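Visitor: My questions will all concern the structure given below.
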Amino acid sequence: MNLKKIFFYIGFFVLVIIGFLFLTFAGTDKWKTRLPTLNAVQPFSFINQDNKTFTQEDVKGKVYVTDYFFTTCHGICPSLTNNMKKIYEAFKDDPDFMIVSHTCLPEVDSAVELKHYADSIGVDTKKWIFVTGSKIDLYNAARDSYLLDDKKNAVGNINDQFIHTQFFALVDKNGNVRGEIFDGLKEEDLAKLKEDISILLKEKQGTSSNFANNIFGNNM
């Protein structure tokens, strides 16, 4: 058999495989870009701006962005809030999108204060939720779930600790932190955050495998 025939058969075989993969996976999430999974969000229970309990069940099946702030902050918080509002405006009409903002100063930010703050920036609190609760629960969520603060900072008396972070985390419909941790003060990070939100909104709830790392994986 000459070289031309060998290359012909090799090329034909490759085309058959490509055709098979295309017919198998075309139109499924397995061709789409998959964002890395960074962590799993642990169960939580906080109080929202309407003085109602807010848990992981309230974000089940939703893509959400989360951050930490406090209402009396005059440093980076106003800029972070303005930038988060850009995210809110871009996705507020999508039924599968939410924002969850945690206070890092719960001794000051009661439900009443959070409600006043939400009203002052003119957002729908069914889409952008503000939560308070016990300081240890809020800080544990930042460190253990959202990766927004170093766990090494969880030393000493909780009353002496203070999280003041400029970072946002993105959570998928299955309660996993995805993509990367975004700097809320950088325009390039905000642009990337919007791209990643769009990707996750297109994913089906329960999707755990992907073409890149599990070509024959099944959706859970």
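The values are calculated or read from the model by the stated rules, or taken from the named source; none is laboratory data. It should be emphasised that the depicted structure is a prediction, and the values quoted were computed from it without experimental measurement. Cβ coordinates were reconstructed from backbone atoms using ideal geometry, including for glycine residues, and neighbour counts include every protein chain displayed.
Visitor: Would it be correct to say that LEU170 is on the phi > 0 side of the Ramachandran plot and under 19 Å from the mean Cα position of the chain (by Cα)?
Guide: So LEU170 fails the test.
Visitor: Among the residues that make up the stretch 190-199, is at least one of them assigned to a strand (DSSP E or B), β-branched (Val, Ile, Thr) and surrounded by 15 or more Cβ atoms within 10 Å (Cβ to Cβ)? If you could, list the steps in order and put the result at the bottom.
Guide: To start, the set of residues in the stretch 190-199 that are assigned to a strand (DSSP E or B) comprises none.
Looking through the stretch 190-199, none of the residues is assigned to a strand (DSSP E or B), β-branched (Val, Ile, Thr) and surrounded by 15 or more Cβ atoms within 10 Å (Cβ to Cβ).
Visitor: Can I ask one more? When the residues of the stretch 99-118 are filtered to those that are among the polar types (S, T, N, Q) and surrounded by 20 or more Cβ atoms within 10 Å (Cβ to Cβ), which remaining residue is nearest to GLY184 (Cα to Cα)?
Guide: Step one: list which residues in the stretch 99-118 are among the polar types (S, T, N, Q), which gives 101, 103, 110.
Imposing the further condition that a residue be surrounded by 20 or more Cβ atoms within 10 Å (Cβ to Cβ) reduces the set to 101, 103.
Numbers: SER101: 13, THR103: 16 Å.
So, considering only residues that are among the polar types (S, T, N, Q) and surrounded by 20 or more Cβ atoms within 10 Å (Cβ to Cβ), the one nearest to GLY184 (Cα to Cα) is SER101.
Visitor: Which ranges mark the strands (runs of 3 or more DSSP E) fully within the stretch 93-182 that have 2 or more residues being of a type in the set (S, T, N, Q) and modelled with pLDDT of 95 or more?
Guide: Working: elements: 97-103, 128-132, 167-171, 176-178.
By residue number, 97-103.
Visitor: Right, next: Keeping to the stretch 140-165, report how many residues are under 22 Å from the mean Cα position of the chain (by Cα) and farther than 17 Å from CYS77 by Cα.
Guide: The qualifying residues number 9.
Visitor: Consider only pairs whose beta carbons are under 8 Å apart and that are at least six residues apart or on different chains; among these, list those whose first residue lies in the stretch 142-170 and is in contact (Cβ under 8 Å) with a residue 40 or more places away in the chain and under 14 Å from CYS104 (Cα atoms) and whose second residue is charged (D, E, K, R) and part of a loop (DSSP other than H, G, I, E, B).
Guide: ALA142/ASP149; ILE163/ASP149; THR165/ASP149
Visitor: Residues being under 18 Å from GLU195 (Cα atoms), part of a helix (DSSP H, G or I) and not β-branched (Val, Ile, Thr): count how many of those fall in the stretch 78-92. Break it down into steps so the answer makes sense when it comes.
Guide: Narrowing the stretch 78-92 to residues under 18 Å from GLU195 (Cα atoms): 83-92.
After this cut, where a residue has to be part of a helix (DSSP H, G or I) as well, the list is 83-91.
From the residues that got through so far, the ones that are not β-branched (Val, Ile, Thr) too are 83-86, 88-91.
Going through the stretch 78-92 one residue at a time, the tally reaches 8.
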